[in-house]
Amino acid sequence: MTFPIPTLRREHGQLMLEDCALADLAERFGTPTYIYSAAAMTANFGAYTQALSAIDALLCYAVKANSNLAVLSLFARLGAGFDIVSGGELSRVLAAGGSAERVVFSGVGKRRDEIVQAIEAGIRCFNVESVAELETVSQLASGLGRIAPVAFRVNPDVDAKTHPYISTGLRSNKFGVPIDDAFELYRRAAELPALAVSGIACHIGSQLLDPAPVAEAADRVLSLVDRLADAGIVLDHIDLGGGLGIRYQDESPPAIDDFLAPLVARMQGRRETLYLEPGRSLVGNAGLLLTRVELLKQGEEKSFAVVDAAMNDLARPALYDAYHQIEAVVENDLAARQYDVVGPICESGDFLARSRMLAIRPGDLVAVLSAGAYGMTMSSNYNSRPRAAEVLVRGREAFPARQRETVEDLMRGERPLPAA
Ligand code: LLP
């Protein structure tokens, strides 16, 4: 059985991430715990920079995929910029040592205080998604006596051929401005004195397995950029978003360089810098969720392995019916049996995996693979469950990247109602 995480291997029956035995990490940090591999993240980032070496480019890591400060600081040190969608993400980037001049701010509903925060921090660009937002940014920048750099996020109306919840570039989606309206909007933006029209952005969806729709979106965007230049509106960058998919089960996503080749070919010889906003492809297969089997339970039709992680820790299976490979951490000679791997939460949707052959006993550890992206960042406290710990592995070193939450953490800021 091969693992989708390149830095994960079995040694004497034990799962090892880089040079750390997962069983030791469970001993030291408890479960459930997210474990990330610095080497895998670094290698993915290196594959992007390598593939982009022939052109001017800025990689803005999509913070929403995994926003742990240790992860952000690793990417900052590698020279990454960041794609943020909230003031909270901006604060994280700055706390991790990232620089505001490399931050782009996406999102359909930026709040005024978040816009002010970003203008004051001096971010690289606002990816503006509506006329209303354009006016707000202009007004706030003008009130602060600043010039805000803006790009329109255009909706190129191409089908990214992915899960409908994570497809974002269709006419029917809430994202961006229609590409056919963009020309007029740029003319309007160019007249607003507190704005610097700086680029154009698009992002058509996530977990993309086919490079063709991105190239098609790029063609539509580039032809608009050329029309704008003819009209005297010259942009300095073209942001083609993120979206490259990863292998969870038996998908075969294009390699990073194959995915980028058509984009690099289109950008060669052009004056604009290419920005990209990859998230999942940098961190998804650099992480796993380590959890312990609480008990095994024979239902009427199925057997269940009840583990100590749940849908509040990893929402993807419940939300998208997503597949994550499950591996016993220590091999044994039990006969494998078929289980649904479920958490303790009071919902039938609380499963991490269904119908998997596993050789496990109560108390054993299992690893839920490919959980480095949209795992911890989508976790919640449902059922008053403190969120998991996070550990970043670097060779033999296991860095405690986030303490496990406590129940006191959950209640902070609340209080009982006094008697009337
Ligand atoms: N840029 C923008 C504007 C985005 O909306 C996204 C993701 C990205 C970049 C990064 O996309 P990536 O390279 O990671 O595909 N929770 C879902 C994925 C939601 C993606 C949302 N936007 C999941 O777990 O599959």
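Couple of notes before you dig in:
- With K and R counted +1 and D and E -1, the other residues having a Cβ less than 11 Å from that of Glu331 yield a net charge of -3.
- Gap separating the Cα centres of region 251-306 and region 191-222, nearest whole Å: 21
- Where trypsin sites (Lys or Arg not before Pro) in DSSP loops with at most 15 other Cβ within 10 Å are excluded, longest remaining stretch of the chain: 1-110
- Percent breakdown of C-alpha pair distances by 5 Å bin, ordered from the shortest bin, for region 106-278: 1, 9, 18, 20, 19, 15, 10, 5, 2, 1, 0
- With the convex hull constructed from alpha-carbon coordinates only, the chain shows a mean projected area of 23.6 nm² over all directions.
- Our helix-only sum for the chain, with -39,500 (n - 2.57) per DSSP H run of n ≥ 4 divided by its residues, gives a mean residue ellipticity at 222 nm of -8500 deg cm²/dmol.
- Members of Lys110/Lys174; Lys64/Lys297; Lys64/Lys161 lying beyond 24 Å, as alpha-carbon distances in this model show: Lys64/Lys297
- For a label point 7 Å along the Cα-to-beta-carbon line of Ala212, residues of region 131-156 with backbone N under 20 Å: 156
- Electrostatic tally near Lys110: other residues with Cβ closer than 11 Å to its Cβ, Lys and Arg +1, Asp and Glu -1, net -2.
- Label zone of Ser252 (point 7 Å out along Cα→Cβ, amide N under 18 Å): in region 200-237 this covers 208-212.
- Remark: region 106-278 carries a charge dipole of roughly 360 debye about the Cα centre, counting +1 on each Lys and Arg Cβ and -1 on each Asp and Glu Cβ.
- Within region 1-143, antiparallel bridges make up roughly 45 percent of the DSSP beta bridges whose residues both belong there.
- Neighbour-count ranking [beta-carbon atoms within 10 angstrom, fewest first] of Ile233, Ile256, Ile55: Ile233, Ile55, Ile256
- Modelled spin-label separation between Ser91 and Leu334, with each label point placed 7 Å from Cα along the Cα-to-Cβ direction: 4.4 nm.
- On the basis of the beta-carbon distance and an R0 of 45 Å, Ala43 and Glu135 show a calculated FRET efficiency of 0.55.
- Stretch gain in nm, segment Asp56-Asp180, where the contour uses 0.36 nm per residue and the Cα spacing is subtracted: 41.9 nm
- Residue exposure sequence - Ser252, Ser37 - by fewest surrounding Cβ within 10 Å: Ser252, Ser37
- Scanning the chain for long hydrophobic helices, with DSSP H runs required to stretch 24 angstrom or more by C-alpha along their axis and to average at least -0.5 on the Kyte-Doolittle scale, returns 212-230.
- Local electrostatic count at Arg396 - Lys and Arg +1, Asp and Glu -1, tallied over other residues with Cβ under 10 Å: -2
- Förster-model FRET efficiency, 25 Å R0, Asp321 and Leu170, C-beta, rounded to 0.05: 0.75
- DSSP beta bridges fully contained in the chain are about 50 percent antiparallel.
- The Asn383 and Glu191 beta-carbon pair, evaluated with R₀ = 35 Å, returns a calculated FRET efficiency of approximately 0.10.
Throughout, read-outs are computed from the coordinates displayed, never taken from laboratory work. Remember, predicted model here, so these are calculated numbers, not experimental data. Backbone-built Cβ (ideal geometry, glycine too); neighbour counts: all protein chains shown.
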